[in-house]
Amino acid sequence: MVDRVLVELMIIAIDRLQAEILEREKSEQILRSIVEGTVSVTGKDFFRSLVRSLAQALDVRYAFISECMDAPPTRVRSFAFWEGNEFGEEFEYNLRGTPCELVIESNSYRCFPTQIQTLFPEEKDEFEAMEAQSYAGIPLLTSTGELLGHLAVLDDKSMETTERNQAIIEIFASRAAAEMERLQIEEALGRLAEIGELAATIVHEVRNPLTTIMMGLKAFKKLQLADRFQEYLNLSLDEADRLERLLSQILLYSRPQTLDRSEIELNSFIAETLNILQTIPVAVGKHLNFSENPTPANILADRDKLKQVLINLITNACEAVSTGDAISISIKKSGDRRICISIHNGGTPIPADILPQLTKPFFTTKASGTGLGLAIVKRIVEAHDGELGIESSEGIGSIVTVQLPLVGYIW
C-alpha cells in the first residue's frame, strides 16, 4: 500500500516536473522569438514583427499596437495589426465603449477571457465581424510613465487568464514602448537639427546686412555731429552691438554640444581661468577668492566650453556685487563619483519666482542681456553629464553649483 502511494506521488512529481520543463521551454521560445523577430528591424517593421510574434506566442487570431492621437486620449490609431495569417490594414477608432478604453483609463493590464460582445455592446457589430470572443490589453508607457498607446490581442475563442499569458503580453509591451520612445526621441532630435540649421541660416542672413549697417554707423562717428544726433548714433551702435551678441549666442545655443574632451585637473584650471577673469572690467575691484580641493580633481571635459561656463557664471556673480565685495569660488568632492564647483556671491537675492526661469532661453533680468547665457551654460554642463544648480536667499546671496563626474565615472 505504501509502495503504491510512493509510486503515485513519484508519477505526480514527474508529471509536474515535465510540465514545468515544457512551460520553461515555451517561455524560452517566446523570448527567443521576440529577439529573433525584432533584432534586425526598427520602426514599422519592428512593430509588425512584434505583433505577429505575439499572436503566435499566445496562439490568438488578432494582435495590434496603437498610438494615442490626442490628450487626454479619446481616439487611437493602429500602426501594426496582425489579422489571422497576415497583416491587416491600419485603422483608427474612438476609445469610448471599447475594452481599450478601460485599459487606458485604468493604466493597467486588463483581460476579458469570454463574452466581449456582451460586455461591450457598443462594439458588438465590430466584434461579430471579427468573430472575436476574448480580449487582453495593456497600456504602453514611456520610461517616465507617460502614455504612448496600447497593445492588445483578441481571439475567436476563450482566452486563458494565466500569469504566463499576462507576463508574455507585458514583455512584448515593454519592447513596443521602448521602440516607440526611441522613435519619438529620434524624431525630436531630427527637429532640433532642423531648427539648428534654420537658426544658422537666419543668423547668416541677418548678420550680413547688420555688418553693413555697423560699418555705416561707425563711419558717422568721424563726423562732427550735434549732441542730440551723437546720442542717437551711440544708442544705435550699442543696439547693433547687442544684436550682434544675440546672433552669436543664438548660433551657439542652436548648435549641438559636441565635446572635444581631454583630462583636466580642476584646481589648476580654475586658478588659471581666474587670473584671466581678474582683469576684465566687471571684475575690477572685486575679490575672487578661490578654495582649492585638498587633492587633485581630474575630470574629462571640453577645455574651451568649460572655460566658457566659468567665465559666464563668475561674470554674473561679479555683476551682482559692489566694488570691494568678494566672490567665493570653491571645489569639493560631492560623494565618491562627482566634484562640485561652487560660485557664491552675497549680492541681492534672486526672487523665488524668477529662479526656475533663469536657464530658459531668452529670459533675462538685465537691460542689455540676451537671455541665452545661462541657457547655454546649462546645455554645456548637461553635455558633460553634469548638473547646474542655482540657490538664492536673503542673508546668503546666490550660490551657483556645477556638479561634474570625476574621471572614471563618466556614464
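The values are calculated or read from the model by the stated rules, or taken from the named source; none is laboratory data. This is a predicted model, so every value here is computed, not measured. Virtual Cβ from ideal backbone geometry, glycine too; neighbours counted across all protein chains shown.
Only a single criterion out of (1) in the same structural domain as Ala176 (by TED's automatic domain parsing); (2) at pLDDT below 55 is not satisfied by Arg48, namely (2). Looking across Gly149, Gly137, one residue alone is touching a Pro at 6+ places or on another chain (Cβ under 8 Å) and free of Cβ contacts under 8 Å to residues at least 40 places away in the same chain. It is Gly137.
Of all the strands (runs of 3 or more DSSP E) wholly in the stretch 294-386, which have at least 3 residues that are under 23 Å from the mean Cα position of the chain (by Cα)? Explain how you work it out, then say what you get.
Numbers: elements: 298-302, 326-334, 338-345.
Answer list for the stretch 294-386: 298-302.
Rundown of residues vs (1) in contact with a helix residue (DSSP H, G or I) (Cβ under 6 Å, 6 or more places away or on another chain); (2) surrounded by 13 or more Cβ atoms within 10 Å (Cβ to Cβ); (3) within 23 Å of Phe47 (Cβ to Cβ), yes/no style:
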residue: Ile65; (1), (2), (3): yes, yes, yes
residue: Val76; (1), (2), (3): no, yes, yes
residue: Glu83; (1), (2), (3): no, yes, yes
residue: Tyr135; (1), (2), (3): yes, yes, yes
residue: Thr144; (1), (2), (3): no, no, yes
residue: Leu154; (1), (2), (3): no, yes, yes
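Does at least one position in the stretch 145-159 carry a residue that is aliphatic (A, V, I, L, M) and more than 18 Å from Ile104 (Cβ to Cβ)? Scanning the stretch 145-159 turns up at least one residue that is aliphatic (A, V, I, L, M) and more than 18 Å from Ile104 (Cβ to Cβ). For the stretch 88-100, filtering for residues that are loosely packed, with under 14 Cβ neighbours inside 10 Å and within 15 Å of Arg48 (Cβ to Cβ) leaves 3.
If a residue has to be within 17 Å of Ala55 (Cα to Cα) and either crowded, with 19+ Cβ neighbours inside 10 Å or in contact with a His (Cβ under 9 Å, 6 or more places away or on another chain) (or both) to count, how many in the stretch 113-129 make the cut?
Going through the stretch 113-129, the residues within 17 Å of Ala55 (Cα to Cα) turn out to be 113.
If we keep only those that are either crowded, with 19+ Cβ neighbours inside 10 Å or in contact with a His (Cβ under 9 Å, 6 or more places away or on another chain) (or both) as well, we get none.
Of the residues in the stretch 113-129, 0 are within 17 Å of Ala55 (Cα to Cα) and either crowded, with 19+ Cβ neighbours inside 10 Å or in contact with a His (Cβ under 9 Å, 6 or more places away or on another chain) (or both).
If you go through the stretch 327-363 and keep only what is modelled with pLDDT under 90, farther than 17 Å from Glu391 by Cβ and out of contact with any Pro (no Cβ under 7 Å at 6 or more places or on another chain), you end up with Lys333, Gly335, Asp336, Lys360, Pro361, Phe362, Phe363. Listed here are the helices (runs of 4 or more DSSP H) enclosed by the stretch 70-163 that have at least 1 residues being under 25 Å from Leu183 (Cα atoms) and either hydroxyl-bearing (Ser, Thr, Tyr) or out of contact with any Ser or Thr (no Cβ under 7 Å at 6 or more places or on another chain) (or both): 99-106. Within the stretch 236-264, residues that are within 17 Å of Arg303 (Cα to Cα) reach partners that are among the charged types (D, E, K, R) and modelled with pLDDT of 75 or more with beta carbons closer than 7 Å, at six or more positions or on different chains, in the pairs Gln257/Arg379; Leu259/Asp302; Leu259/Lys305; Asp260/Asp302; Arg261/Asp302; Ser262/Arg303; Ile264/Arg303.
Just checking, which of Leu243, Leu306, Leu210, Leu237 is in the same structural domain as Gly347 (by TED's automatic domain parsing) and surrounded by 12 or more Cβ atoms within 10 Å (Cβ to Cβ)?
Numbers: Leu243 fails: in the same structural domain as Gly347 (by TED's automatic domain parsing); Leu210 fails: in the same structural domain as Gly347 (by TED's automatic domain parsing); Leu237 fails: in the same structural domain as Gly347 (by TED's automatic domain parsing).
From the options Leu243, Leu306, Leu210, Leu237, the qualifying one is Leu306.
Could you say whether any residue in the stretch 163-180 is among the polar types (S, T, N, Q), in contact with a helix residue (DSSP H, G or I) (Cβ under 8 Å, 6 or more places away or on another chain) and either within 30 Å of Thr114 (Cβ to Cβ) or at pLDDT below 75 (or both)? Yes, the stretch 163-180 contains a residue that is among the polar types (S, T, N, Q), in contact with a helix residue (DSSP H, G or I) (Cβ under 8 Å, 6 or more places away or on another chain) and either within 30 Å of Thr114 (Cβ to Cβ) or at pLDDT below 75 (or both).
The residue list Asp227, Asp241 contains one member that is acidic (Asp, Glu), at pLDDT 80 or above and more than 30 Å from Thr114 (Cβ to Cβ), which is Asp227.
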